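What follows is a short report on a single structure.
Bear in mind that the values in this text are calculations on the coordinates, not laboratory data. Predicted model, so just to flag it, every value in this text is computed and none were measured. In this analysis, Cβ positions are derived from the backbone assuming ideal geometry, glycine residues included, and neighbour counts consider all displayed protein chains.
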Amino acid sequence: MFNKFNIITKFILITILLSTHILGEDSEEKFKWTDDDGLEVKIVKPINLEKCKIKSQSGDIVDQYYKLIDKDGQVIGTNWGKKPYTFTLGKGQVIEGMDRAMTGMCIGEKRKVVIPGKLGFGNDGRDRDGIKGDQTLFYTVQLVDLFRPVPGGSFTDEDGLQITVTHKIDDDKCKKSAPGDTIHQQYTLHLEDGTFVDSSFSRNAPFIFKLGANPRQVIEGMDRAMTGMCEGERRKVVIPSALGYGESGRLPQIPGGATLYFDIQLEKLIKKDEL
C-alpha cells in the first residue's frame, strides 16, 4: 500500500514538473525571439497587458533609456537614469536594428537586444564611440514614454515650399512664432533618395536660432517653414534647392540643386518681447 502511494506521488510530481517545464518554455518563447536577419530581442521587464494602454509604433515619438556594451561587457555608452534619448520611431533617426527593437513596446518595458553590424553602424562603424565596422551591438533599452502625434493640414507655396503639419496644436493653446522670436528646433534632414544628412536628435540638443533675422541664420525655406508655427507643433517640410542651398549645395553631404526633406519640431519658443 505504501509503495503504491509512493508511485502515485512520484507520478504526480513528475507530471507537475514536466508541465511547468513545458509551460516555462512556451512562456519564454513569447518573451524572446530572433529575426531571420539576426536581430535578437528578449523582454526582461514585461508590462501587464491591463496596464499597457498603448504600444509603440512607427511615427511615435519615444523617450528611451539605453545601455550599450561590447561582447566583453565593456560599456560603450549609456544614459540610464539621466535625460532620456528622444527620437521618432520608424523614421530612420536611429539605426535600423534599434528602430525595430523599440517597436511594439509598452511604456516601462525593458528589453535586451543584440543588433548585428548590418543593422547597426554597418561596415563603417562609428569612430567617435569606438565602434568598429560590422560590430555586433549589445543593448539594454527601456521605453520611458511615448507621444503619438495628431496630424493637421498641408499646403504648397507657389515657389514649391511644401509644408505638412504632422502634429497640430489646438488654437486656444497655440503660442505662435513670428519674426524676431528665438526658436528651439528639433529636426531630421534627408535627401530625396532617403539619404540621411543630419539630425539634432543625434546630438540630443535642439538647434537654436532667431526667426527672420537679417542676415538670415538659416536657409530661407526653413525661416518660412518655422513662421506661424505653434510651440509643440511638428511639421514635415520639403524645401526646393532655390530656397535651400541652391546650385552650390553644401558639400560633401548636400549636393548642388538638392531638394531637402525635413521633419521639424518647435520644441520651445521664446517671443521677442520675452527676451
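At-a-glance table
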| item | result |
| --- | --- |
| The stretch 247-275 versus the stretch 198-223: alpha-carbon centroid distance in Å | 5 |
| Gain on full stretching of the segment that runs from Asp70 to Lys173 - 0.36 nm per residue minus C-alpha separation | 32.5 nm |
| Amide H partners (placed H, <5 Å) of Thr166, local residues excluded | Gly152, Arg234, Arg235, Lys236 |
| Mean separation of Cα contacts under 8 Å (6+ apart) over length of the stretch 33-147, as relative contact order % | 34 |
| Karplus 3J(HN,Hα) series, Hz, for the stretch 62-75 with 6.51 cos²θ - 1.76 cosθ + 1.60 (x for Gly, Pro) | 10, 9, 10, 9, 9, 9, 10, 10, 8, 5, 8, x, 6, 6 |
| Full-stretch length increase - Thr103, Asp124 - with 0.36 nm per residue and alpha-carbon distance subtracted | 5.0 nm |
| Kirkwood Rh, Cα atoms: Rg over Rh of the stretch 41-94 | 1.01 |
| Only Lys, Arg (+1) and Asp, Glu (-1) charged, at Cβ; the chain dipole about Cα centre in debye | 1160 |
| Cα-based helix-to-principal-axis angle, 2-31 vs the chain, degrees rounded to 10 | 10 |
| Spread of Cα-to-Cα distances over 5 Å intervals beginning at zero, given as percent, for the stretch 153-270 | 2, 12, 22, 25, 23, 12, 4, 1, 0 |
| From phi via Karplus (6.51, -1.76, 1.60), per-residue ³J(HN,Hα) for the stretch 131-142 in Hz, x at Gly/Pro | 8, 7, x, 6, 6, 6, 10, 10, 10, 10, 10, 9 |
| The stretch 153-270 - percent relative contact order, Cα under 8 Å, separation 6 or more | 34 |
| Loop trypsin sites (Lys or Arg not before Pro), the stretch 153-233 (other Cβ atoms within 10 Å of the site Cβ: 13 or fewer; DSSP) | Arg216 |
| Taking N as its residue count, the alpha carbon Rg of the stretch 59-142 over 2.2 N^0.38 Å | 1.04 |
| Relative contact order (%) - the chain, alpha-carbon pairs under 8 angstrom, separation at least six | 15 |
| R0 of 25 Å, Cβ-Cβ distance Asp36-Asp134: FRET efficiency to nearest 0.05 | 0.90 |
| Phi to ³J(HN,Hα) by Karplus 6.51 cos²θ - 1.76 cosθ + 1.60 over the stretch 228-240, Hz, x for Gly, Pro | x, 9, 7, 4, x, 6, 10, 9, 9, 10, 10, 10, x |
| Debye, to nearest 20: dipole size of the stretch 33-147, +1 on Lys, Arg Cβ, -1 on Asp, Glu Cβ | 460 |
| Values of log10 I(q)/I(0), in the order q = 0.07, 0.09, 0.13 Å⁻¹, for the chain under a Debye, Cα-only, solvent-free model | -0.36, -0.55, -0.98 |
| Residues whose placed amide H lies under 5 Å from that of Ile76, excluding near-sequence neighbours | Leu68, Ile69, Asp70 |
| Sites Lys110 and Asn214, calculated FRET efficiency, Cβ-Cβ separation with R0 51 Å, nearest 0.05 | 0.55 |
